[in-house]
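The values are calculated or read from the model by the stated rules, or taken from the named source; none is laboratory data. All values reported here derive from a predicted model rather than from experimental measurement. Quick reminder, even Gly has a Cβ in these numbers, built from the backbone with ideal geometry, and neighbours come from all protein chains shown.
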There are 2 protein chains.
Amino acid sequence: MSDEPRETVVRATCRALCAHGYANLTMQDIADETDLSKAALHYHYDTKRDLLTTFLDSLASWYEGRLEDLPGDDPAARLHALFDECLTTDADADYPAFHTAMLEVKAQAPYEEAYRERLTAVDDVLRSRVEGLVAEGIDEGVFREVDPEATANFVASVVVGAHTRNVAVGHSLAETRVLLDAYVDDHLLTDEGEATREAAR
Amino acid sequence: MSDEPRETVVRATCRALCAHGYANLTMQDIADETDLSKAALHYHYDTKRDLLTTFLDSLASWYEGRLEDLPGDDPAARLHALFDECLTTDADADYPAFHTAMLEVKAQAPYEEAYRERLTAVDDVLRSRVEGLVAEGIDEGVFREVDPEATANFVASVVVGAHTRNVAVGHSLAETRVLLDAYVDDHLLTDEGEATREAAR
C-alpha cells in the first residue's frame, strides 16, 4: 500500500462515485476500482468519509490548476476562457454522473464538516479567480468600477446554479455560457474594453 | 383514510423530509407525522417515491401561488418582490433542512423521471414568472429590449445557485438578493424605468 500513490486512490474514488453515486457508495466499490483489497484500503482510510475528503481535497487543487493558466490576451478574454472551463461538458464523458454525485455530496455538507470545508475551498477557487480577473480588468481600464468580490460571488452563483439545474431539470450549460458572456460584455466592459474585444475578434 | 386529505399527507411528507433527509426517509417516518398507520398510508401510496411525487406536485402549485400576486406598482418592483420570495429565509424556520433535502431530491432527478418532471415544473414556475415580468417591463418602457426568456433563465440559475451554495458552503442568500437587485437596476432598467424607481423610493 505504501507504493500506492494517493492519486490512484483519489481517481478510484472519483470513478466509484460516478458509477454508484454517493448514497450507495461503499469502501468495496472504491477498492474494486484499484488493485487493492478492501482491507488494504482500510489500512490508510478508516471510512468512506475519509476517502471522500481526500478526493475533495484533490478536486480543489485540480480545479485551481485548471483555472490558473487561462488563455487570452486580456482579463475579459481570460474570463470568457474561465466560463469555457466551468461550463463545458463534452471533454468528460463522465460529466453527468460526476455532477450528479457532487450534488449529493453538497447535500451532505450541512452534516459533514469535512465536506463543507473542502466544498468551500472549491467555491473559493472559482470566486477568487473571477475576483482577480475582474480586479485586473478594472486596473487595465477594460472593466467598469464594479465591486470585484460581489461580481465574483454573483458569477459563482450563476455557474453553480447552471450545474444544479443541469442535473435536476436538464438545463443546458451552453445556454448559461452564452448568458454569462453577455453579462460580462454588457455589464462589465468599458468602451475601451469593448474596443479591445472587437479588435480581438 | 378517505377522510385524510391529500394536503395532510403532503405536509407530513415535507416535515418528514426536513427531519430525516431524503436518503434516510422511510414510509414509517411519514406515517409518524400523520394520524395514520403505515398500512393505511400504503393503501394510497405504494412507495416513498409516490409520496415524494405528490409532495413535489404540491410544491409546484404552492410556488406558483406565492409568485402570482407580487406586490409592486410596476414590473421592476414586482421583480424585486419576487427576489424577496425566492431568496428570503427567515419566514421559515425549517428553511435549511428543507433546502438540503431538496438538493438531495434534485440529485435523484437523473434516475427518477417522476421527480425530474416535477422539478422541471417548479423551475418553469420561476422562469415563466420572471420572463412575464421582463416582457411586461419592456412593453411598459421600464426595461431595455433584452431577451425575456434568456434573462429569465439567467435569473433562475442565479437563484438556484444561491440556494445550492447556501446549503453546500454557507453562502448568504441576502448577498445574492442584493446582487440580483443590482443586476436588474444596472442591466434591465431604462432611463424611464430608473426615474420610476427613484420616484417610488
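Among the residues of region A:14-24, are any within 20 Å of A:ASP57 (Cα to Cα) and of a type in the set (S, T, N, Q)?
There is no residue in region A:14-24 that is within 20 Å of A:ASP57 (Cα to Cα) and of a type in the set (S, T, N, Q).
Select from region B:109-159 the residues that are in contact with a Pro (Cβ under 9 Å, 6 or more places away or on another chain) and either among the small types (Gly, Ala, Ser) or in contact (Cβ under 8 Å) with a residue 40 or more places away in the chain (or both) and list them in ascending order.
Step one: list which residues in region B:109-159 are in contact with a Pro (Cβ under 9 Å, 6 or more places away or on another chain), which gives B:110, B:116, B:130-140, B:142-143.
B:VAL130, B:GLY132, B:LEU133, B:VAL134, B:ALA135, B:GLU136, B:GLY137, B:GLU140, B:VAL142, B:PHE143 - these are the residues of region B:109-159 that are in contact with a Pro (Cβ under 9 Å, 6 or more places away or on another chain) and either among the small types (Gly, Ala, Ser) or in contact (Cβ under 8 Å) with a residue 40 or more places away in the chain (or both).
When you go through B:LEU17, B:LEU41 one by one, which is the residue that is within 14 Å of chain A (Cβ to nearest Cβ) and buried (at least 16 other Cβ atoms within 10 Å of the Cβ)?
Checking each option against the conditions leaves just B:LEU17.
Among the numbered criteria (1) crowded, with 21+ Cβ neighbours inside 10 Å; (2) within 13 Å of chain A (Cβ to nearest Cβ), which single criterion is violated by B:THR120?
Tallying (1) crowded, with 21+ Cβ neighbours inside 10 Å; (2) within 13 Å of chain A (Cβ to nearest Cβ), B:THR120 fails exactly one: (1).
Could you look through region A:172-191, keep only residues that are under 20 Å from the mean Cα position of the chain (by Cα) and charged (D, E, K, R), and pick out the one that is nearest to the other protein chains (Cβ to nearest Cβ)?
The qualifying residue nearest to the other protein chains (Cβ to nearest Cβ) is A:GLU175.
Output the residues belonging to region B:20-31 that are exposed (fewer than 15 other Cβ atoms within 10 Å of the Cβ) and modelled with pLDDT of 90 or more.
B:THR26, B:GLN28
Filter region A:151-171 down to the residues that are more than 25 Å from B:ASP185 (Cβ to Cβ) and polar (S, T, N, Q), then identify the one that is farthest from the chain's Cα centre (by Cα).
Looking at the filtered set, the residue picked out is A:ASN166.
Which residue is nearest to B:VAL105 (Cα to Cα), if the candidates are limited to region B:55-67 and must be assigned to a helix (DSSP H, G or I) and touching a residue at least 60 places away in the same chain (Cβ under 8 Å)?
B:LEU56
Count, please, the residues in region A:91-131 that happen to be within 21 Å of A:ASN166 (Cα to Cα), aromatic (Phe, Trp, Tyr) and at pLDDT 95 or above.
Qualifying residue count for the region: 0.
List every residue pair whose Cβ atoms sit under 8 Å apart, with the two residues 6 or more apart in sequence or on different chains, where the first one lies in region A:97-108 and is touching a residue at least 40 places away in the same chain (Cβ under 8 Å) and the second, anywhere, is among the polar types (S, T, N, Q).
From residues that are touching a residue at least 40 places away in the same chain (Cβ under 8 Å), the pairs are A:HIS99/A:ASN166; A:LEU103/A:THR164; A:LEU103/B:THR164.
Is there a residue in region A:46-54 that is surrounded by fewer than 17 Cβ atoms within 10 Å (Cβ to Cβ), touching a Lys or Arg at 6+ places or on another chain (Cβ under 9 Å), free of Cβ contacts under 8 Å to residues at least 24 places away in the same chain and not charged (D, E, K, R)?
no
What residue, of A:VAL142, A:VAL130, A:VAL155, A:VAL169, is surrounded by fewer than 24 Cβ atoms within 10 Å (Cβ to Cβ) and more than 9 Å from every other protein chain (Cβ to nearest Cβ)? Quick ask: steps written out before the conclusion?
Numbers: A:VAL130 fails: surrounded by fewer than 24 Cβ atoms within 10 Å (Cβ to Cβ); A:VAL155 fails: surrounded by fewer than 24 Cβ atoms within 10 Å (Cβ to Cβ); A:VAL169 fails: more than 9 Å from every other protein chain (Cβ to nearest Cβ).
From the options A:VAL142, A:VAL130, A:VAL155, A:VAL169, the qualifying one is A:VAL142.
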